[in-house]
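Peer 1: I have a structure here, written as C-alpha cells, and I will follow up with some questions on it.
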Amino acid sequence: MTRHRKIDHPDNDNRLDSMAQGVLGKPVDRLEGPLKVSGLATYASEARPSGMAHGVLVRATITKGRVVGIDRQAALALPGVMTVITDPRMVRYPAQGMAGKGPKAGPDVVDYHGQPIALVVAEGFEQARHAAKALRITYEEEPAPTDPDTVTPEVPDAKQKAQGDLDAAIRDAAFSVDCTYTTPTLMAVAMEPHAAIAEWDGDRVTVRAALQMLASDRKQLADALGVGPEQVRLLAPYVGGGFGSKLGIAPEAVAAAIAAKELGVPVSVALTRMQEFDITHRRSESRQRVLLAAGADGVLTGIGHEALVSNLPDSPFSEPVTQATPFTYQAAHRRIAHRIARVHRSCAGSVRAPGEAIGVTVFEAALDELAEAAGIDPVELRLRNIPDREPGTGRPYSVNRLGDCLREGAHRFGWNQRRAPKERLEGEWFIGMGMAAAVRVNMLIESRARVTLTEDGAKVETDMTDIGTGTYTILRQIAAEMLGLPVDLVEVHLGDTDFPPAAGSGGSFGAASSGTSVYLACEDIRARIAERMGCTDAELRLQDGRASFRNDTRELRELLAGEVLVAEGHVEPGDAEKQARQATWGAHFAEVAVSRHTGEVRVRRMLGVFACGRILNEKTARSQCLGGMTFGIGMALTEGVEHDPRTGHIVNRDLAGYHLPSHADVPEQDVVFLPDRDGFAGPMQAKGIGELGICGAGGAVLNAIYNACGVRVRDLPATPDKVMP
Ligand code: MOS
C-alpha cells in the first residue's frame, strides 16, 4: 500500500508532538557510528570482488583543443596492463553533478586542463598508474580564456531583476555603501575521494559508488551508458561526505562501467586527492558588487547585488549567488544582476550551499560596512530591515525567525561587550566581534520509502543516502516515534537503488524529504493498527511495542499475530511551496584575535543560532551546523583555489595547499536551535539544516576582523598579507 501526499497546504497538526515514544529530536547516537569508527562500514572503493581490475583516469594537459592521437603501445606493453579506453561516453556527463544534463562531446574534445580523456586498466592499481604515465598523447591546441575578468560575460535575462530606481536611492541616501568583494574558486573536498567499482551480470551493471542522489544518478548513468535505468543498480550504503561533489555521476563511475563491460571483470576507479581537485566540479569564484542605501534611521531604501561567476561554455549551472538577497531584507529600490563568464577552468557546480554560502557571506559583510557608515549597531540595523512579507512578491513567509535568531544570539554571545575597532588589545592581539545573518532557501523533493512492521520490530528501506549527515539515525527515530518502538527495534537500509527512490542528499532537502516519506509509510501502518484497536489514528497511542486506546492496551505482537504490515510512503512538493516564502534562518557571531605583528587571524569563539523547523536529532543537527560554521572559517580565512593564469589548471591540489580548518583552527563553537515548526514544509514541519551553517558564517568572521583591527578585507580569504596593512 502506498500513502501518497502532495504538500498542497500547510500542515499545522503537530502530530509528531503528540506521539508517545518520545525519541524524535533526541540526541540519539549515530546508528552506524560503531561501524564507522571500527572500519566495518565499507566505502565505495573498499569492496574487493574477485578478479577486480583497477582503472586510472588520464587527464588532459592542455586547456582546450582536441586529442589527435593516443599512442597506447608503450602502456599496453607494461606488466599487468589490460586495456586503454577512450570511449566517448566516458565524459558525456562532466564532473558536474545534477546540472550535467545532456550529451557532451569527448573525450577527444578537451574543455579544461585536467579533463579525463582516457582510462588505463591493469590488474593492480600501481600498474595502471604507471601505465597511465606511458600514454603518448598528441593534441591540437586552441587558445582559450581562463580568467573571468578577461571575457565579456553572458547576461541571462531571467536572472536580472530590478524594481524602482536604485541609483536614485543611492543618490538620495543618508548613508550608502558601494563595495566589491571577490571570492575564490572553492572545492567540496569530501574526506572520501570519488570512487566506483562496476561489475556486470549479463546486461545488468552494479556500481558501488560514492554518490549523494542515487535515483537521479541511476538515470544519469544509464543515459551515459546508453542502457535502460532498470539495467543499472547503484549501491552507496556509506558515503564519506559529498558537499555537492557527489550529487551527480562523474567520469569515474561511467569509466568503471565501460571498462568492466569490455573486460568482463569488475573494475574499480578511485580518484586520488589531486584528481579530486582536477576532475570534480568546483564552486565558481565570484565578483560581487553590493550597493546599499539607507535613511538616517538605518532603514534600507535601496539594495543592489551584482554577481559575476564563471563556468565552461556549455555548462548549464551558474552559482546562484544572489538567491537569498531578494527576500532577506526590505527596500523599495532593488537591482539584482547576474553575469556568467565562459572560461576554460574546470566545470563549476553545486558546492556546500551553492549561492548563499558566498552570497550571504558577502552581503552580510557589506551590511556591516553600512552599519559602520551609519553608526548603527549591526544587529540593530538588521532588525530594522526585516520585512513583514516577501519583498517583490508580497507572499507571506512560512515562518521568519531571523529577528529571533539575531536577538537570541546577541544575548547569548555577549554582543554588548563589543567595542570600537582597535579598542581591545591583549598582548599582540586585537580582539573583535562580528556577526552576520544566516539564510538559506528551503526545498522539498519527491521521495519514497518502504516501512515493514513485523513482530520483531520495523525496517525502513529507501535508496536515500547518508553522506555523514545522520540519515540512518533520523529515519530510525521517525519510524520509532511513529510506530511506538524503542530505536533499537528499527533497522534502516539505505543506499541501494533496489529500494524505493528517495530525494537523495543535496540542497539540504534530504532529511525532511526522505523523512516525510518514512512518516507517511508509518502513518499508513498506524491506520491499520488503529483499525484493529477500534479507534482512529488520532486516538491511538503506540509506545514501547504496545498499542493503547483508552483502557485497552495490547502488545503489537498480539495485534499482528504473525502478520507483516508493509507500507510505502511517497511525498511530493505541491502548492504549499508557492503559497509562502520558505527559508531557514539563523545568526552567526564570531570573536577573533588579530595579531598586530603578523596579521594572523585566530577565531576565538563562534556561536550560531538557527531556526530550521523541527529538529529531528539534536546531536546530528548540531554536528551539521558545526561543520557549516567551520567551513565558514575556511571561506573567511584559508580556503581558495589558485588557478594557473596560463592554463586555468588548479595549482594547490592537495590538503596542504588548500587548507580546510582543522582542530587547531576551530575554537569554541556553540550551536543553539530555536524551537520551531514550519507547517508549509509538510506534516513533520521539519526543514533543511545541512547548508544553513555555512551561509553567512564567513561574514561574521570578516566583520569581526574589521571590529578587531579596522581592516576591511574584501578579497577572500583574509590571509595575513591582506590583513596586515
Ligand atoms: Mo549540496 S552543494 O546540494 O550537496
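Derivation of every value follows stated rules applied to the coordinates shown; laboratory data play no part. Fair warning: this is a prediction, and the values are worked out from it, not measured in the lab. A quick note on method: Cβ atoms are made from the backbone with ideal geometry, for glycine too, and the neighbour counts reach across all protein chains shown.
Peer 1: Name the residues whose placed amide hydrogens come within less than 5 Å of the amide hydrogen of Met82, ignoring near sequence neighbours (fewer than 5 apart) on the same chain.
Peer 2: The answer is Val121, Ala122, Glu123.
Peer 1: Next question. I need two numbers for segment 1-58: Rg to one decimal and Dmax as a whole number, Cα atoms only, in Å.
Peer 2: Spelled out, the Cα radius of gyration and Dmax of segment 1-58 are 21.5, 57 Å.
Peer 1: On to the next question. Can you find, among Met187, Leu235, Ile170, the residue farthest towards the positive end of the dipole of the chain? Put +1 on the C-beta of Lys and Arg, -1 on that of Asp and Glu.
Peer 2: Ile170
Peer 1: What's the FRET efficiency of Val566 with Arg48 using the Cβ-Cβ distance as r and R₀ = 41 Å, to the nearest 0.05? It would help to have the intermediate numbers written out before the result.
Peer 2: Working: r = 34 Å, r/R0 = 0.83.
Between Val566 and Arg48 the formula returns 0.75.
Peer 1: If you don't mind, there's one more thing I want to ask. In nm², what is the average projected area of the convex hull enclosing the Cα atoms of segment 365-505? If you can, show how the numbers build up before the last one.
Peer 2: Numbers: hull surface 57.3 nm².
If I average the Cα hull's projected area over directions, I get 14.3 nm².
Peer 1: If I take every Cα pair under 8 Å that is 6 or more residues apart in the chain, average their sequence separation and divide by the length, what percent do I get for the relative contact order? Intermediate results must be reported in sequence, preceding the final value.
Peer 2: Working: 2006 pairs, mean separation 137.8, N = 725.
Over the chain, the number comes to 19 percent.
Peer 1: When the dipole is taken about the Cα centre of the chain, and only Lys, Arg (+1) and Asp, Glu (-1) are charged at their Cβ, what size is it in debye, to the nearest 20?
Peer 2: That gives a dipole near 540 debye.
Peer 1: Got a sec to turn the phi values of segment 484-491 into Karplus ³J(HN,Hα) couplings, 6.51 cos²θ - 1.76 cosθ + 1.60 with θ = phi - 60°, whole Hz, x for Gly and Pro?
Peer 2: Karplus-based 3J(HN,Hα) across segment 484-491 equals x, 10, x, 4, 4, 8, 10, 9 Hz.
Peer 1: Quick check: Cα centre of segment 193-219 to Cα centre of segment 421-494, how many Å?
Peer 2: 25
Peer 1: Output wanted: per-residue J couplings in Hz (rounded whole) for segment 392-397, from phi through Karplus 6.51 cos²θ - 1.76 cosθ + 1.60, θ = phi - 60°, x for Gly and Pro.
Peer 2: x, 9, x, 5, x, 7
Peer 1: What pairs from Lys6/Lys459; Lys246/Lys722; Lys133/Lys219; Lys6/Lys261; Lys459/Lys619; Lys159/Lys687 go past 31 Å between their alpha carbons?
Peer 2: Violating the 31 Å Cα-Cα cut-off are Lys246/Lys722; Lys133/Lys219; Lys6/Lys261.
Peer 1: For segment 268-347, what is the Kirkwood estimate of the hydrodynamic radius, computed as the reciprocal of the mean inverse distance between distinct Cα atoms, to one decimal in Å? Don't skip to the answer; put the middle values down first.
Peer 2: Values: mean 1/r = 0.0667 Å⁻¹.
Hydrodynamic radius (Kirkwood, Cα only) of segment 268-347 equals 15.0 Å.
Peer 1: Which one, Thr620, His643, Phe631, projects farthest toward the positive side of the charge dipole computed for segment 613-654 from Cβ point charges (K/R +1, D/E -1)?
Peer 2: Thr620
Peer 1: Now for a different question. Using r as the Cβ-Cβ distance of Met274 and Met724, and R0 as 25 Å, what FRET efficiency do you calculate, to the nearest 0.05?
Peer 2: Working: r = 31 Å, r/R0 = 1.25.
For Met274 and Met724, the calculated efficiency is 0.20.
Peer 1: Hey, what did segment 490-553 get for relative contact order, percent, Cα under 8 Å, at least 6 apart?
Peer 2: Details: 32 pairs, mean separation 9.3, N = 64.
RCO, segment 490-553: 15 percent.
Peer 1: For every helix of n ≥ 4 consecutive DSSP H residues, a contribution of -39,500 (n - 2.57) applies; sum these over the chain, divide by its total residues, and give [θ] at 222 nm rounded to the nearest 500 deg cm²/dmol.
Peer 2: Values: 18 runs with 178 residues, N = 725.
Calculated mean residue ellipticity at 222 nm is -7000 deg cm²/dmol.
Peer 1: How do 157-164, 437-444, 140-147, 58-65 rank on mean C-beta neighbours within 10 Å, highest first?
Peer 2: 437-444, 58-65, 140-147, 157-164
Peer 1: Same structure, new question: Glu531 to Leu40: FRET efficiency via 1/(1 + (r/R0)^6), r the Cβ-Cβ distance, R0 51 Å, to the nearest 0.05? Spell out each step's value before the answer.
Peer 2: Working: r = 41 Å, r/R0 = 0.81.
For Glu531 and Leu40, the calculated efficiency is 0.80.
Peer 1: Might you report the magnitude of the Cβ-based charge dipole of segment 571-725 about its Cα centre, with Lys and Arg at +1 and Asp and Glu at -1, to the nearest 20 debye? Please list the in-between numbers first.
Peer 2: Numbers: 16 positive and 18 negative charges, 62 e Å.
So the magnitude is around 300 debye.
Peer 1: If you place +1 on the Cβ of every Lys and Arg and -1 on the Cβ of every Asp and Glu, how big does the dipole about the Cα centre of segment 361-459 come out, in debye to the nearest 20? Intermediate values should be presented prior to the final figure.
Peer 2: Working: 15 positive and 16 negative charges, 59 e Å.
Rounded to the nearest 20 debye, it is 280 debye.
Peer 1: In terms of Cα to Cα distance under 19 Å, which aspartates and glutamates are near enough to Lys578, apart from those fewer than 8 places away along the same chain?
Peer 2: Within reach: Asp8, Asp11, Asp388, Glu390, Glu446, Asp678.
Peer 1: Once you sort the root eigenvalues of the Cα gyration tensor of segment 294-431 as a ≥ b ≥ c, which label holds: rounded (a/c under 1.5), prolate (a/b larger than b/c) or oblate (the other case)?
Peer 2: Details: a/c = 2.07, a/b = 1.39, b/c = 1.49.
The shape class here is oblate.
Peer 1: Could you give the Stokes-Einstein D for segment 209-368 in µm² per second, using the C-alpha Kirkwood radius, 10 °C, 1.306 mPa s?
Peer 2: The estimated diffusion coefficient comes to 87 µm²/s.
Peer 1: Count charges around Asp524 for me, please; just the other residues with Cβ under 10 Å from its Cβ, Lys/Arg as +1, Asp/Glu as -1.
Peer 2: On the way: positive: Arg3, Arg526, Arg528; negative: Glu523, Asp537, Glu568.
Spelling it out: positives minus negatives among the neighbours equals 0.
Peer 1: To continue, here is another question. If you find the alpha carbon centre of segment 106-162 and of segment 290-357, how far apart are they in angstrom?
Peer 2: 27
Peer 1: Rg(Cα) of segment 597-710 divided by 2.2 N^0.38 Å? Working shown, then result.
Peer 2: Values: Rg = 17.2 Å, N = 114, 2.2 N^0.38 = 13.3 Å.
Dividing the Cα Rg of segment 597-710 by 2.2 N^0.38 Å gives 1.29.
Peer 1: Shifting gears a bit: Which order do peptides 530-538, 342-350 fall in by mean Cβ count within 10 Å, highest first? Intermediate values should be presented prior to the final figure.
Peer 2: Values: 530-538: 14.8, 342-350: 25.8.
So the peptides 530-538, 342-350, ranked by packing, come out 342-350, 530-538.
Peer 1: Can you find, among Ala681, Gln582, Val603, the residue sitting farthest towards the positive end of the charge dipole of segment 569-697, where Lys and Arg contribute +1 and Asp and Glu -1 at Cβ?
Peer 2: Val603
Peer 1: Along segment 354-363, what does the Karplus equation 6.51 cos²θ - 1.76 cosθ + 1.60 (θ = phi - 60°) give for ³J(HN,Hα), rounded to whole Hz, x for Gly and Pro?
Peer 2: x, x, 4, 3, 9, x, 5, 4, 6, 4
Peer 1: Sticking with this structure for a sec: How much of the DSSP bridge set in the chain is antiparallel, in percent, rounded to the nearest 5?
Peer 2: Details: 98 of 135 bridges.
Antiparallel bridges: around 75 percent, rounded to the nearest 5.
Peer 1: Moving on. Would you mind computing the Rg to Rh ratio of segment 440-521 from its alpha-carbon coordinates, Kirkwood style for Rh?
Peer 2: Numbers: Rg = 11.9 Å, Rh = 12.4 Å.
Over the Cα atoms of segment 440-521, Rg/Rh equals 0.96.
Peer 1: Just subtract the alpha-carbon distance of Glu126 and Leu655 from 0.36 nm times their residue separation and send over the number in nm, one decimal. Before the final figure, lay out each step's value.
Peer 2: Working: separation 529, 0.36 × 529 = 190.44 nm, distance 2.21 nm.
Using 0.36 nm per residue and subtracting the Cα-Cα distance, I get 188.2 nm.
Peer 1: How would you classify the chain from its alpha-carbon gyration tensor, with a ≥ b ≥ c the square roots of the eigenvalues: rounded for a/c under 1.5, else prolate if a/b is greater than b/c, otherwise oblate?
Peer 2: oblate
Peer 1: Quick one: which of 682-689, 419-426, 713-720 comes out on top by average Cβ neighbours within 10 Å, and what's the full order, highest first? Mind dumping the intermediate values first?
Peer 2: Values: 682-689: 27.1, 419-426: 13.1, 713-720: 19.6.
Most protected by this proxy first, the peptides run 682-689, 713-720, 419-426.
Peer 1: Continuing with this model, one more query. Please order Ile467, Ile170, Ile650 by the number of other Cβ within 10 Å, starting at the fewest. Kindly include the intermediate steps, with their values, before the conclusion.
Peer 2: Values: Ile467 26, Ile170 18, Ile650 23.
Fewest-to-most Cβ neighbours within 10 Å comes out as Ile170, Ile650, Ile467.
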